[in-house]
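Colleague: The structure follows.
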Amino acid sequence: MAHQAKSAIVGLGISEVGKVYGRSATSFALEAIDRALEDAGLQKENLDGLLMQSGLAQPGIGLQLQNAAGLKSLRLVNHMNAMGATPASMVQYATMAIQNGLATTVACVFADAPMQDPNARSSDGMNATRRNRPVPTGFASLDQYYGPMNPNAGYAMAARRHMATYGTTSKQLGAIAVSTRAWAVNNPIAQFRTPITVEDHQNSRWIAEPFHLLDCCLISNGSVAVIVTSVDRARDLKSKPAYVLSMAQGFPGNRRRAGDDHDWSTGAAIARDTLYGQLGIGPKDIDICELYDCYTYTTMITLEDYGFCGKGEGGPFVEDGKLGPGGSLPTNTGGGELSSFYLWGMTPLSEGVIQARGGGGDRQVEKHDLVLVTGNGGILDFHASLILSPEAA
Amino acid sequence: MSEKTAAPPSGRPVPIPDADSQPFFDATREGKYLLRYCPACSHYLAPAAEICDSCWGIDLEWRESSGKGSIYSFVVNHQVLHPGFKDLGPYSVIVVELEEGPRVTSTYDGPNEEIKVDMPVKVTFEDLGEVTVPKFAKA
């Protein structure tokens, strides 16, 4: 493999995450950036770029973050959004900016605080975001009459189509919930660390059939930041880098008409050749997968689309538990969004950085030369991916 | 608001036609399901379409659909995402692939247990008083 790293992630900062109430998205973001700088051995004065993405919280983080952080004379700032694909794509844009001389040291941060203290919740049980939504009219009101849809239902629709087409079963999706939870057991910051079985998955309540509760990610307040710099500059820093070897994006489009394969062939299938092609590798060369897992189905379809198994074979592929600790394809080794914490694309990115640097502690995977990190957003609409490595070349 | 115009027993929020959707809701009154149609490229589009996604034409017509199609996918939702659904129990949201091509969202007119992917369906209409809504039942 002849390749040269494109950039280096030299700092990772994870704020307090989970059911942490009474703090703003901005306060989480600054905590994460501060921890990332400390990890990198840098001061905030060393930053000359700031890329950010806000989650659902109102107010979230925004372009005023540079002022809240007291950052002066930055050379690169943007508020970016390709939903859950954004953290991986922010690293890509930071890398391109650094390669082209726009900036040298870029913080990429995601923050969200969608959960309110249940004791402070209003009498109707709805949060302010939902209560303040305007009453829809026209076709939007017809959709609301049929039944309001949220991401749970959207992904459940896609999974149902896969099940009907390929014979995928709920128990096979359950195997993903089980292996992901098994990894979370050894992650001290994971929100759910009690092991589960496929039977527990089957017995968990329905959310949107065919999804049980244990097919769905959790919700978290918090923030993650990473510091991206050049390969040369990384060599002068005290921290151990996770090098960015390859990067790609993919957007399938959804025409919502006969023949459209949006629900079972995702942006991952578009990004795959770009990502592997930069290194002349294939799925057999990947040591660890850190995949965006808003739902069990998302893990399965992403494995298919990156060629770890054939199209439609995801169910039988995951059934034997090969994604779990000790398995042949360690996947979502921190417990993912299903069991650890849900900070959109930062969940897989942060664990990818941890594993590539060999800092996974009890859950560290021995062979971690090539780590696949994916982000996914919308209802399988947006995709971005990276390959991280402890080696620059 | 008088008792007569209160929400129907199901509690679902009654649709409110606007200028763009008025022709569609006028047609449902007469038992017709309309789609948008692009005469420039002979392409059928979902009722809410404003622009043809094939040729980007904006002069769309309304055309009656056969009302026939098949279930592309569906969910049975157990979450209450709107207060009107609180006493309704699990409700289906279906995507119907119409003969003309577009996939449209609706709800199933029949028991949830009956719904199957690729099952042939046909449009039905329910008069809610102020407005008539299309649903789909087993063909």
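Colleague: Quick test for you: out of A:GLY321, A:GLY358, A:GLY315, pick the one residue that is in contact with a Pro (Cβ under 7 Å, 6 or more places away or on another chain) and either surrounded by fewer than 24 Cβ atoms within 10 Å (Cβ to Cβ) or not basic (Lys, Arg) (or both). Step through it out loud before you land on a result.
Modeller: Working: A:GLY321 fails: in contact with a Pro (Cβ under 7 Å, 6 or more places away or on another chain); A:GLY315 fails: in contact with a Pro (Cβ under 7 Å, 6 or more places away or on another chain).
Matching residue, one of A:GLY321, A:GLY358, A:GLY315: A:GLY358.
Colleague: Checking the conditions here, which among A:LEU245, A:LEU218 is in a loop (DSSP other than H, G, I, E, B), under 20 Å from A:THR347 (Cα atoms) and within 21 Å of the chain's Cα centre (by Cα)? Please lay out each step first, then the result.
Modeller: Numbers: A:LEU245 fails: in a loop (DSSP other than H, G, I, E, B).
Only one candidate passes the filter, namely A:LEU218.
Colleague: Conditions first: (1) part of a loop (DSSP other than H, G, I, E, B); (2) within 12 Å of the chain's Cα centre (by Cα); (3) within 13 Å of chain A (Cβ to nearest Cβ). B:THR28 passes all but one, so which condition is the exception?
Modeller: Among (1) part of a loop (DSSP other than H, G, I, E, B); (2) within 12 Å of the chain's Cα centre (by Cα); (3) within 13 Å of chain A (Cβ to nearest Cβ), the lone unmet condition for B:THR28 is (1).
Colleague: Only one of these is at pLDDT 95 or above, of a type outside the set (Asp, Glu) and assigned to a loop (DSSP other than H, G, I, E, B): A:HIS368, A:HIS383. Name it. Please lay out each step first, then the result.
Modeller: Working: A:HIS383 fails: assigned to a loop (DSSP other than H, G, I, E, B).
Just a single option satisfies the conditions, and that option is A:HIS368.
Colleague: Considering each residue of the stretch A:160-190, count those that are out of contact with any Pro (no Cβ under 9 Å at 6 or more places or on another chain) and of a type in the set (Lys, Arg), and give that number.
Modeller: 2
Colleague: Next question. Check B:TYR91 against each of (1) without any contact (Cβ under 8 Å) to a residue 24 or more places away in the chain; (2) more than 11 Å from chain A (Cβ to nearest Cβ) and name the one condition it does not meet.
Modeller: (2)
Colleague: Restricting the search to the stretch B:101-115, which residues are closer than 29 Å to B:ASP53 by Cβ and within 9 Å of another protein chain (Cβ to nearest Cβ)?
Modeller: Answer for the stretch B:101-115, where residues must be closer than 29 Å to B:ASP53 by Cβ and within 9 Å of another protein chain (Cβ to nearest Cβ): B:GLY101, B:PRO102, B:ARG103, B:VAL104, B:THR105, B:SER106, B:THR107.
Residue-wise test of (1) outside any loop (DSSP other than H, G, I, E, B); (2) touching a residue at least 60 places away in the same chain (Cβ under 8 Å); (3) closer than 18 Å to B:LYS135 by Cβ.
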position: B:PRO13; (1), (2), (3): no, yes, yes
position: B:PRO17; (1), (2), (3): no, yes, yes
position: B:PHE24; (1), (2), (3): yes, no, yes
position: B:CYS41; (1), (2), (3): no, no, no
position: B:GLU50; (1), (2), (3): no, no, no
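Here is a yes/no grid of residues against (1) part of a loop (DSSP other than H, G, I, E, B); (2) within 11 Å of chain A (Cβ to nearest Cβ); (3) in contact with a strand residue (DSSP E or B) (Cβ under 7 Å, 6 or more places away or on another chain):
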site: B:ARG63; (1), (2), (3): no, no, yes
site: B:LEU81; (1), (2), (3): yes, yes, no
site: B:ASP118; (1), (2), (3): yes, yes, yes
site: B:VAL133; (1), (2), (3): no, yes, yes
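Colleague: Sticking with this structure for a sec: Of everything in the stretch A:254-289 that's within 14 Å of another protein chain (Cβ to nearest Cβ) and of a type in the set (D, E, K, R), which residue is farthest from the chain's Cα centre (by Cα)?
Modeller: First pass over the stretch A:254-289, keeping only residues within 14 Å of another protein chain (Cβ to nearest Cβ): A:254-264.
Still in the running and of a type in the set (D, E, K, R): A:255-257, A:260-261, A:263.
Working: A:ARG255: 25, A:ARG256: 26, A:ARG257: 29, A:ASP260: 26, A:ASP261: 23, A:ASP263: 19 Å.
Top of the filtered list is A:ARG257.
The values are calculated or read from the model by the stated rules, or taken from the named source; none is laboratory data. Here the structure is a predicted model, which means the values were calculated and not measured. A quick note on method: Cβ atoms are made from the backbone with ideal geometry, for glycine too, and the neighbour counts reach across all protein chains shown.
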